[in-house]
Amino acid sequence: MEISAKYNAESIEKKWYDHWMKKGYFHSEPDSREPYTIVIPPPNVTGVLHMGHMLNNTIQDVLIRRARMQGKNACWVPGTDHASIATEAKVVAKLRESGIKKSDLTRDEFLNHAWDWTHKHGGIILEQLKKLGASCDWDRTKFTMDDDMSESVIQVFVDLYRKGKIYRGYRMVNWDPEAKTTVSDEEVIYKESNGKLYFLKYPIENENNHIIIATTRPETILGDTAICYNPNDERFTHLKGKRVLVPIANRSIPIIEDEYVDMEFGTGCLKITPAHDPNDKVIGEKHHLEIIDIFNEDATLNEFGLHYKGMDRFECRKQIVKELETHGFIDKIEDYQNKVGTSERTGSVIEPRLSHQWFLSMEELAQPALKAVMEDNVQLIPAKFKNTYRHWMENVRDWNISRQLWWGHRIPAWYFGEGMDDFVVAKNETEALELARQKTGNPNLSTSNLRQDSDVLDTWFSSWLWPISVFDGIRNPDNEQIRYYYPTNDLITAPEILFFWVARMIIAGYEYRLEKPFHKVYLTGIVRDKLGRKMSKSLGNSPDPLVLISNYGADGVRLGMLLTSPAGNDLPFDETICEQGRNFSNKIWNALRLVKGWEVDETAQPEHSAAIILWMENKINQTIHDIDELFEQYRLSDALMTTYKLIWDDFCSTFLEVVKPLYGQPIDSRTLDSTVTIFETLMQILHPFMPFITEEIWHLLRQQQTDIIVSHLPESKPFNSDLSKEFDMAFEVITSIRNFRKQKNIGQKESLELFIKKNNNETPRTTFDPVVIKLGALDKVEYTTRPLENAQSFLVESTEFYIPFSQQIDLEAELERLTQELTYNRNFLASVEKKLSNERFVANAPAQVVELEKKKQEDAMKKIVVIEKQINAIRQ
């Protein structure tokens, strides 16, 4: 069979992905097998693949492919999220380019544009994931606004409302003036800001005096409704019962007392603006203060902003400071550093705003989810995130679930009057009408008397149901799919949405299934550039994943990313790691070409081939055992590196070098058959990490009855640790021989002999002598009971090795070498004995670690005895 000189990743990847899809290997249905289920963290429907997606989905695919090869019923559910804020912002921007304002459209007209946008751009990211090799069950692809998914969301809202968990309140919320909607506390990103602290003079009414108040937001003085001081602050007791005039507005407001005021901050007096600060709102309610909201939805000033009406808040700040200075109201201005809240979605500075919103009461709902993680019923990997999780859940606040948008799940509340309680919550308009008639006692109400709430639900309110709703577990809680696949096995996601999404899914799981939604949560790190910066479009430091796949192959990119991505730690991405992945692909491909290029005959199997096959099979079993343990610990990066070394170092660099016949000579059929079998096993171990090249090589090695993707993953068989140690010693001997040849400039074609002197009554271990002869290019290996003269000597453990050498040995140089080796081993022995004399180390270290140190001590002592004898022999 003609095998191309170069591995063509692009054509091979397309060929095999199409083949797998055609065969239906990714599809799952409930059966008698053990299920292994992953639900994809749904990316934004109109999003495109970025490096974080690449890492996250590569990890998921590794786990799902491994489970599939273990004989489990592997089900990886893909899908996308409607992403209310992000998608609506994109649609609004697109309309703006066409000269259309959202305000010019009806809700239905706007939603038609939004659906057009979604149908055009939606799902692109899922197609891109196929390029990566993602083996999702594409027949199960879900979208959070599919009809069945939407019904589940509405049903949950209605259920929680009727349980008294959802309520409507007039609260201070985080307002995003750019998106013109509320955002949750968790979606506010606080950033350090170098601002100013303005010390303003408030004239005391009917007095020729003033109070100085410090503020970072002078534009909000137009909404002030009181000045407040701490009643324990003797500096201000003379102000009790007095009033001041608000600068510029010249409006009279009271001076009040409240122990909330920090006497050490600023001047000790606070301006109270209940409409624009959450703490001020609490004081305002307590003291029954007027509420004056000076901002419009877009954070421009309204009519309460007086002559600044229509001006942006930050421009107003500049202008009002000038006016305050002109009229002598500014005492001083100082530099001031504080944290400013910004919207995670738009980057806009958040504006505290009073608004009627819908809230979900969280404290009681959160308790089972907190307990589940603290007791490791749901296991976070790495466990260091448990403290973060606990802090969030113990301090959980009610969830503001309403958003002032049109794209999303519309809140199922219908109003029939102007009163605070003039509404009903129902699954649909027909049900709402019936409830409204019952509530009002008016049987003549019609749908024309109802108006549905214009807000939509927070996007997370749909995605928190994801592990349940993708199996229709809300609408049909006892269906076969949910009973079989739930709870899912592993969730792979980012730490930054541990509360946004993970915690809320656990809450929903216990509320609607009385069961956790997944067993384990693998938290990936953040992909960063070489400078440690988070990769982002704005910084221009994020490579296009599809370009990387084109340049290095999907397998190369997968390997490169996984090698540097331990759980929970950031990934320092450098394109050279993808190059390492491509080089590994080429290494395996060249190994295939080597093996397939051998001629075969029925000659007897050489001893060195039999020996190295014995070692390689043992090594594979030992490595499979190690890899299984690493997967149990979710150390995927280490599992891949272990696999990488097994193939590159042990198979390609060692095994093939031994079994490779001399140039132009055939290989015996027994060795070739073992080599192909070993090669197949290695490809199966590697397949979850590098699916494309392994499938291709699997089929090129020999005629196969099945595809590697559904072949049975090799299981660890008993292995001989002593055999591995014996080979390690043999390889150290080979290395010493090669070093000797290099030092003496002796070519591989020049024959050498090796004599071995065992010490301490040790029994010779001859298993790998044929391998030493082959790789050391020796004529023979012989055992001796006495040292050899005119020979180069070296030690491996306590065994002496001699290579007869025709040139005169420099005894002085040899004595110096042995003396240095003796000093090194004495120092090494001292360090080991110091460790073993440490009672705390011996008491606390694992038993196998202590035993290893004792073995090091024993070996070093034996080696010292041998070296001392060699030195004495020279000196005599």
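Residue-wise test of (1) under 30 Å from A426 (Cα atoms); (2) open to solvent by less than 10 Å² (accessible area, probe 1.4 Å).
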position: V158; (1), (2): yes, yes
position: Y167; (1), (2): yes, no
position: D176; (1), (2): yes, yes
position: A179; (1), (2): yes, no
position: E192; (1), (2): no, no
position: D224; (1), (2): no, yes
position: L245; (1), (2): no, no
position: N250; (1), (2): no, no
position: E257; (1), (2): no, no
Taking R345 and the conditions (1) open to solvent by less than 10 Å² (accessible area, probe 1.4 Å); (2) modelled with pLDDT under 90; (3) more than 30 Å from I213 (Cβ to Cβ), which numbered condition does it fall short on, given that it satisfies the others? (1)
Would you call S736 over 30 Å from S4 (Cβ atoms), of a type in the set (S, T, Y) and in contact (Cβ under 8 Å) with a residue 24 or more places away in the chain? yes
Looking only at segment 665-675, decide whether some residue is aliphatic (A, V, I, L, M) and either within 24 Å of F631 (Cβ to Cβ) or surrounded by fewer than 17 Cβ atoms within 10 Å (Cβ to Cβ) (or both). no
So D779 ticks every box in (1) open to solvent by 60 Å² or more (accessible area, probe 1.4 Å); (2) outside any loop (DSSP other than H, G, I, E, B); (3) over 18 Å from Q792 (Cα atoms) but one. Which box is left unticked? (3)
Any chance segment 418-437 includes a residue that's β-branched (V, I, T) and surrounded by fewer than 14 Cβ atoms within 10 Å (Cβ to Cβ)? yes
Under the condition of being polar (S, T, N, Q) and within 29 Å of T766 (Cα to Cα), which residue from segment 607-649 is surrounded by the most Cβ atoms within 10 Å (Cβ to Cβ)? S609
Can you name the number of the only condition in (1) open to solvent by 10 Å² or more (accessible area, probe 1.4 Å); (2) among the hydrophobic types (A, V, I, L, M, F, W, C); (3) at pLDDT 95 or above; (4) out of contact with any Phe, Trp or Tyr (no Cβ under 8 Å at 6 or more places or on another chain) that I577 fails? (3)
Criterion first (in a loop (DSSP other than H, G, I, E, B) and either in contact with an Asp or Glu (Cβ under 8 Å, 6 or more places away or on another chain) or farther than 30 Å from M683 by Cβ (or both)) does R483 satisfy it? no
For R513, the lone unmet condition from (1) more than 28 Å from V158 (Cα to Cα); (2) of a type in the set (D, E, K, R); (3) in contact (Cβ under 8 Å) with a residue 12 or more places away in the chain is (1)
Hey, among V45, V77, V39, V62, which residue is in contact (Cβ under 8 Å) with a residue 60 or more places away in the chain, under 16 Å from V456 (Cβ atoms) and crowded, with 22+ Cβ neighbours inside 10 Å? V45
Being modelled with pLDDT of 95 or more and part of a helix (DSSP H, G or I) is the filter; apply it to segment 20-56 and report the residue that is farthest from I124 (Cα to Cα). K23
Just to be sure, is A604 part of a loop (DSSP other than H, G, I, E, B), at pLDDT below 95 and either more than 20 Å from N57 (Cβ to Cβ) or open to solvent by 70 Å² or more (accessible area, probe 1.4 Å) (or both)? yes
Which one is farthest from E187 (Cα to Cα) among residues in segment 412-430 that are part of a loop (DSSP other than H, G, I, E, B) and in contact with a helix residue (DSSP H, G or I) (Cβ under 7 Å, 6 or more places away or on another chain)? F416
If I ask for residues that are open to solvent by less than 60 Å² (accessible area, probe 1.4 Å), farther than 9 Å from I871 by Cβ and out of contact with any Ser or Thr (no Cβ under 8 Å at 6 or more places or on another chain), which ones from segment 814-830 would you list? E821, N825, L829, A830
Considering segment 504-563 alone, what residues qualify as being open to solvent by 10 Å² or more (accessible area, probe 1.4 Å), at pLDDT 85 or above and among the small types (G, A, S)? S550
Which of the residues spanning segment 816-864 are assigned to a loop (DSSP other than H, G, I, E, B) and hydroxyl-bearing (S, T, Y)? S837
Would you call I588 at pLDDT 95 or above, under 22 Å from the mean Cα position of the chain (by Cα) and under 28 Å from V771 (Cβ atoms)? no
Options F692, F755, F740, F727; residue that is out of contact with any helix residue (DSSP H, G or I) (no Cβ under 6 Å at 6 or more places or on another chain) and part of a helix (DSSP H, G or I): F740
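Conditions (1) in contact (Cβ under 8 Å) with a residue 60 or more places away in the chain; (2) surrounded by 17 or more Cβ atoms within 10 Å (Cβ to Cβ); (3) over 23 Å from the mean Cα position of the chain (by Cα), marked per residue:
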| position | (1), (2), (3) |
| --- | --- |
| A93 | no, no, yes |
| W115 | no, no, yes |
| G122 | yes, yes, yes |
| I125 | yes, yes, no |
| A134 | yes, yes, no |
| D139 | yes, no, yes |
| D147 | no, no, yes |
Quick one: A432 ticks every box in (1) free of Cβ contacts under 8 Å to residues at least 40 places away in the same chain; (2) of a type in the set (G, A, S); (3) closer than 20 Å to M149 by Cα except a single one, so which number is it? (3)
Please work out if N387 is part of a loop (DSSP other than H, G, I, E, B), at pLDDT below 95 and over 27 Å from M172 (Cβ atoms). no
Kindly provide the set of residues from segment 756-776 that are modelled with pLDDT of 90 or more and open to solvent by less than 50 Å² (accessible area, probe 1.4 Å), ordered by number. I756, F768, D769, P770, V771, V772, L775, G776
Out of the residues in segment 281-296 that are in a loop (DSSP other than H, G, I, E, B) and without any contact (Cβ under 8 Å) to a residue 40 or more places away in the chain, state the one that is surrounded by the most Cβ atoms within 10 Å (Cβ to Cβ). N296
Residues in segment 95-108 that are charged (D, E, K, R) and surrounded by 14 or more Cβ atoms within 10 Å (Cβ to Cβ) total 1
Please determine whether any residue of segment 238-245 is out of contact with any Gly (no Cβ under 9 Å at 6 or more places or on another chain), under 16 Å from V321 (Cα atoms) and among the β-branched types (V, I, T). no
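The values are calculated or read from the model by the stated rules, or taken from the named source; none is laboratory data. All figures in this text were calculated on a predicted structure; none of them were measured in a lab. Cβ: placed from backbone, ideal geometry, glycine included. Neighbour counts: every protein chain shown. Accessible surface areas use protein heavy atoms only, side chains included; no ligands, DNA or RNA. Shrake-Rupley method; radii C 1.70, N 1.55, O 1.52, S 1.80 Å.
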